[in-house]
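Report on one structure; see the data block that follows.
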Amino acid sequence: MRVKRGLAEMLRGGVIMDVVTAEQAKIAEDAGAVSVMALERVPADIRREGGVARMSDPALISAIQEAVTIPVMAKVRIGHFAEAQILQVLEVDYIDESEVLTPADEAHHIDKWAFSVPFVCGATNLGEALRRISEGAAMIRSKGEAGTGNVVEAVRHLRSILGDIKKIQTADAAERYGWAKQLQAPIDLVEEVARTGRLPVPLFCAGGIATPADAALVMQLGAEAVFVGSGIFKSEDPSRRARAIVEATAHYQDAEIVAKVSRGLGAAMPGEEIATLDVKLAERGW
Amino acid sequence: MTASPLVGVLALQGDVAEHSAVLDALGATVRAVRRPEHLEGLQGLVLPGGESTTLSLLLESSGLFEPLGERLAAGLPVLGTCAGMILLSRQVLNGRPDQKSFGAIDIVTRRNAFGRQVESFESTLEVTGLSEPMHAVFIRAPFVESVGEGVEVLAAVRRSDGSPRPVVCRQDNVLVAAFHPELSGDDRLHRLLLARAGGRSASAA
């Protein structure tokens, strides 16, 4: 587990970017991404086009692995361990068991302990995060609401996870059993959170990040790194925006630098109001 | 040796918190280094693990690359782990063409030398000068391909073909490791850095 979690520790303070071609992967690496997420459609397109969203074509993933020297991640459907077996054969560096794809199992997530490739999973609250960790996830990210360019859900999820961690730290032994019951999470993980004041694995932020200021916001709230999905390659000038988000994530406490890199980036992705959505991806996962 | 040497941790990206925690527990005063002015008064420095291509870009854009290089050349004691080792090397193989390194230690380093994450591993190493072996966590790790004169190889791993690959090296003020002592709770390389950092300050006083 130390080796699996170790890679997530190395990604801290960095930006992981969704890419759909080898060319985009190069642009991401040139801009300073710490890792890329290889997929066929960014979440904004999955949302618009509908249909079943599945693991990407292995040929596309391999082409992206060939194009860059930084770690490459790829997504599988929730519960689809056969897709994960394929990604392990491809030697991707991290597998994202993701609500952005159409779930394959309505009750079970993948037994992630069975794999040597580490997994990242989304969570909207602390209970979900601890259940994923008990299944073997080596990194947790907020779900946010992918493909919307709207950061409000990611902020809600981060605040919920980090807020409950703070409360558990002051809980007494009896209350910690209550927390475990309420969160539907194993008591030993609740005890660990109470003792350390943090998740047992790194907590990253994903879902709706579209600007350097969004990255600075979630980093100040306590995220340890950010995933940017549609926010880069659905914007007017992906290369400059990618670079600016990298700078803002590194210097999140330094408003002068965030201000400087935010200037003249062109249009961000248009974005959507959460209340108008037909499908909420964050509700997938159990 | 001063009671509490001022030691910087390059804090642009990577596992900054783990290094800071180790240094703090050893009694150092720790400063996160993100801007050139943060170099002032440092008695030692850690370059953490992270993504070396990202760190190289951020060192440039923050204006840190040049002044930090000057401090290293002037003898600032430094410990670099994994990506930090890559950044301190004279030459980097399997990197990006535009990737910059400080050339503070005369080694040629191969990036991602063991392969992708599935090839990451843990191992126990004999390190010259340490009485007990060291537990080492290698994450998409580099190794040293060749060393120049004046570089001491303190530890090596054996490749599958039996050839030894240096993974801990030292030259004057520069100590590098291809793995992550900060992840396994082993503070002995940090102690070596602090011994040097404290020594400098005492001689300057």
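Derivation of every value follows stated rules applied to the coordinates shown; laboratory data play no part. What you are looking at is a predicted structure, and each value in this text was computed from that prediction instead of being measured. Neighbour counts run over all protein chains shown; Cβ positions are idealised from the backbone, glycine included.
When the helices in chain A are scored as -39500 (n - 2.57) per DSSP H run of 4 or longer and the sum is shared across all residues, what 222 nm value do you end up with, to the nearest 500 deg cm²/dmol? Could you put the intermediate results ahead of the total?
Details: 13 runs with 128 residues, N = 286.
That comes out to -13000 deg cm²/dmol.
When only the Cβ of Lys, Arg, Asp and Glu is charged (+1, +1, -1, -1), the dipole of the range A:116-173 relative to its Cα centre reaches about 100 debye. Between B:GLU37 and A:GLN220, the FRET efficiency estimated from the beta carbon spacing at R0 = 25 angstrom works out to 0.70.
Across the range A:11-94, C-alpha contacts under 8 Å between residues 6 or more apart give a mean separation that, scaled by the residue count, equals a relative contact order of 29 percent. When each of A:LYS4, A:LYS167 is scored by the number of other beta-carbon atoms lying within 10 Å, the sequence from fewest to most is A:LYS167, A:LYS4. Rounded to the nearest 20 debye, the dipole size of the protein assembly as shown about its Cα centre is 480 debye, using +1 on the Cβ of Lys and Arg and -1 on the Cβ of Asp and Glu. Protection proxy ranking of B:153-165, B:93-105, B:73-85, by the mean of other Cβ atoms within 10 Å over each peptide's residues and highest first, is B:73-85, B:93-105, B:153-165.
Only residues of the range B:86-118 count here: report those whose backbone N is under 18 Å from the spot 7 Å along Cα→Cβ of A:SER239, or say none. The answer is B:96-99. Shielding value for B:48-60 is 6, the average number of Cβ atoms from other chains within 10 Å of each residue's Cβ.
Filter A:LYS143/A:LYS166; A:LYS234/A:LYS280; A:LYS181/A:LYS280 down to the pairs with a C-alpha to C-alpha distance above 22 Å, please. Pairs exceeding the cut-off: A:LYS181/A:LYS280. For the protein assembly as shown, the share of DSSP beta bridges that are antiparallel, to the nearest 5, is 30%.
The distance between label points at B:ALA3 and A:VAL152 comes to 5.3 nm (points 7 Å beyond Cα on the Cα→Cβ vector).
Since only A:LEU277, A:GLY231, A:LEU199 are under comparison, the one whose Cα sits farthest along the positive direction of the charge dipole of the range A:170-286, derived from C-beta charges on Lys, Arg, Asp and Glu, is A:GLY231.
Relative contact order, whole percent, for chain A stands at 20, derived from Cα pairs under 8 Å and 6 or more residues apart. With only the Cα atoms considered, the protein assembly as shown has a convex hull volume of 146 Å³ per residue. The eigenvalues of the Cα gyration tensor, multiplied by 5 and square-rooted, give the range A:174-239 an equivalent ellipsoid with semi-axes of 35, 11, 9 Å from largest to smallest. Here the residues A:PHE119, A:PHE233, ranked from fewest to most Cβ neighbours within 10 Å of their Cβ, fall in the order A:PHE233, A:PHE119. Structural descriptor for chain B: relative contact order 22 percent, calculated from alpha carbon pairs under 8 angstrom and at least 6 residues apart. Backbone phi angles across the range A:98-107, fed through the Karplus curve with coefficients 6.51, -1.76 and 1.60 (θ = phi - 60°), yield HN-Hα couplings of 10, 5, 5, 8, 6, x, 9, 9, 8, 10 Hz in residue order; Gly and Pro are listed as x. With a Förster radius of 41 Å applied to the beta-carbon distance between A:ALA255 and B:SER184, the computed FRET efficiency rounds to 0.65.
Near A:LEU87, once Lys and Arg are set to +1 and Asp and Glu to -1 for all other residues with Cβ below 14 Å from its Cβ, the sum equals -2.
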